[in-house]
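One structure is given here, and the rest of the page talks about it.
The values are calculated or read from the model by the stated rules, or taken from the named source; none is laboratory data. As the structure is a computational prediction, the values presented were derived from the model and not from experiment. Here Cβ is always computed from backbone atoms with ideal geometry, including for glycine, and neighbour counts include all displayed protein chains.
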Amino acid sequence: MPRPLMPHDTSTPFVQTNTGKLLGRHWALFFLLGMMVIFAFTGPGFFEVVNFQNIIHLATISILLAVAETFVIITGGIDLSVGFVMGLSSTLAARIMVTLGSTGMGEPLLIVLGTLAGLLVAFIPGFISGTLVARFKVPPFIATLGMWGICNGITLHLCDGFLPIAGLPSVLPRLGNGYLFYIHKGQSFTLFKKPDYIPDERVRELIRLVPFSFILIGAVVLVFWFILHKSRFGQHTYAIGGNLDAAIRAGIDVDRHLVKIYMLSSFLAGLAGVFNVFQTGIGNYTTFSSMYELFAVAAVVIGGASLLGGKGRIVGSMVGVLVLAVLKNGLAISGVQPFVRYIAVGVLLTFAVIIDQLFPDLF
Amino acid sequence: MGYIIETRGITKRFGGLTAVDNVSMGVNAGEVVAILGDNGAGKSTLIKMISGVHKPDEGTILLDGKPMKLESPMDALANGIETIYQDLALAENLNVSSNIFLGREKTKRSLGVLNVLDHEYMQKESRSVLDRLEIEIPSLKNTIRTLSGGQRQAVAISRSIYWQAKVLIMDEPTAALGIAEQKKVLDLVKSLKTQGIGIIIISHQMYDVFEVADRIIVMRRGQNVATRMVSETTADEIVGLIVGSETVKR
Ligand SMILES: Nc1ncnc2c1ncn2[C@@H]1O[C@H](COP(=O)(O)OP(=O)(O)OP(=O)(O)O)[C@@H](O)[C@H]1O
Ligand SMILES: [Mg+2]
């Protein structure tokens, strides 16, 4: 019997074997775990509950923006405005709180009003870019790039140039950075706030567990996971990205759906902006160099979505966010120069796209 | 017997181009009507008006003898007019039952307030319609991307049948299929016909047309230039009519 010239010709290609598919489907997760193992050795203090907690707390905004971007990318679009919508919501919420504060209004009320304003204003850019995309067939890249500029301009106006808005109630950062549990080893255990006998400067003696931000993250991820994977709205989102014509002919009101998608994305960006006020205690404009929108897109793509649409999952995007967050934290703790992170992100993105090409059927 | 679906003098223009020009035609229940014509003759445009994708610039569409306005594909679907397009219009990233139920997903109440997709129900119903049409698809959880051309066509047909089509429109149903799959689809068409569905079929394959159609309508440059009963014509005559060498006698 003649031997086959190339022994591999007859066997299934690796990418089609079960192991290959498993690796391909979950490569980002394996990469994340691998990275954690390495950093556990290279980064002192990396492999600790408190550090992990910190990584996620600091990634809150990235998580919200990645959830937003997941929906948009599944429809085959992209939302470049999320970073600056976030800045707009942050500064508007802060500006309103400061203004109302100067009228002598009580803190709880002005916080509620500022928060509402920050959340509601975010619907406007989403409505506009959604309408441009759906009804006027403007490419999402351009429509949201328009909002990117407009929101940033308005934000800087609200900030009088480049001044963050300060003078907010001091309770804000305490809420935004609070924890569910405070443990003073062998001494005390309190819920929601630190024991009074520990002054602020000694707060590091406490073991603080479950930041309030986890509640926000948990709620947002759960709600939007449900919408994307369990509801009719989610199903239509996939259908639109998978085959726009099929969705239209199946009677789905695609135009309306797209407007809702961009409003949803913008709203989450607004939520991130308001959270930012609670986290930092000031109203922050978004700097150009932060590139929130690009890191959100990167996280979603690393999480298995395709910019061509029809593909992506909430859990995958969360893995993507964690990959980027752990990479940043682990490299810093290991004392690696920051520019390495950008190179790593670039390599990961390229890798994600190659994987996507190799495994078109993976979901 | 009155037509189940009928067009009276419908016209569609795209800018300066008259894609469909004053076309009147009709289909009886349990009848297969084939629309033939060269590329660009206006066949697809004609059926897109019947299925609510395009609005006619002139003329009326009648269902069961009653004039009706089709504002959107949803209107046509709600009236039992189902269409299988040249490109099938399936969402390749979704599975078989999701496609059969696309746009009309079944949900169930969960926790009293949430409407959750009822995949179990949709899979069960999809399985039963596929079985009824004797279509074999290994797993309904597979995405459309993993299916063969014939299987995709079968999914598209099942979708229409499941939603109780009164009128089924098929644009080039066998164009992309292998021989065995073509036969399978033609058998499906014949069995649908016996169930009293009115079928409009566009095809370039003369064999298909003579195999399943009762009547042939020939279009040329947007116009309905001839109507022939299959039993009273030949492939040669039809080809002549399509290319315009045959003198037209109505
Ligand atoms: N949406 C549209 N906008 C502009 N012109 C169109 C549109 N749809 C079709 N046309 C034009 O109308 C004419 C008829 O097209 P149609 O698709 O109905 O032809 P057809 O008979 O289905 O051809 P084929 O056999 O190639 O499918 C063609 O000249 C086509 O270019
Ligand atoms: Mg056509």
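Meeting the requirement of 1 or more residues that are surrounded by fewer than 16 Cβ atoms within 10 Å (Cβ to Cβ) and facing chain A (nearest Cβ under 9 Å), the strands (runs of 3 or more DSSP E) wholly within the range B:64-111 are B:107-110. Answer yes or no: is there a residue in the range B:116-133 that is touching a residue at least 40 places away in the same chain (Cβ under 8 Å) and more than 10 Å from chain A (Cβ to nearest Cβ). Yes, the conditions are met somewhere in the range B:116-133. Criterion first (closer than 30 Å to A:Gly104 by Cα and buried (at least 20 other Cβ atoms within 10 Å of the Cβ)) does A:Leu258 satisfy it? Answer is no for this residue. Restricted to the range A:328-347, and to residues there that are more than 24 Å from A:Val301 (Cα to Cα) and of a type in the set (A, V, I, L, M), the residue that is nearest to the chain's Cα centre (by Cα) is A:Ile333.
I'm trying to understand the selection: among the residues of the range B:33-59, which are of a type in the set (Lys, Arg) and either more than 7 Å from ligand 1 (Cβ to nearest atom) or touching a Phe, Trp or Tyr at 6+ places or on another chain (Cβ under 9 Å) (or both)? Give the steps one after another, and end with the answer.
Residues of the range B:33-59 that are of a type in the set (Lys, Arg), as a first pass: B:43, B:48, B:55.
Result: B:Lys48, B:Lys55.
For B:Lys66, the stated conditions hold: it is of a type in the set (Lys, Arg) and more than 16 Å from ligand 2 (Cβ to nearest atom).
Here the range B:12-32 is the region considered, the condition is being surrounded by 23 or more Cβ atoms within 10 Å (Cβ to Cβ) and away from ligand 2 (no atom under 16 Å from the Cβ), and the residue that is nearest to the other protein chains (Cβ to nearest Cβ) is B:Val27.
Could you grab the pairs with beta carbons closer than 8 Å, sequence gap of 6+ or different chains, first residue in the range A:235-259 and at the interface with chain B (Cβ under 8 Å from one of its Cβ atoms), second one aromatic (Phe, Trp, Tyr)? Within 8 Å, the pairs are A:Asp245/B:Tyr85; A:Arg249/B:Tyr85. Among the conditions (1) surrounded by fewer than 17 Cβ atoms within 10 Å (Cβ to Cβ); (2) in contact (Cβ under 8 Å) with a residue 40 or more places away in the chain; (3) away from chain B (no Cβ under 14 Å), the only one that A:Val220 does not satisfy is (1). Of the listed requirements (1) more than 16 Å from ligand 2 (Cβ to nearest atom); (2) touching a helix residue (DSSP H, G or I) at 6+ places or on another chain (Cβ under 9 Å); (3) within 14 Å of chain A (Cβ to nearest Cβ), B:Thr146 misses just one: (2). Of all the listed residues (A:Ile217, A:Ile240, A:Ile183), the sole one being of a type in the set (Val, Ile, Thr) and at pLDDT below 95 is A:Ile183.
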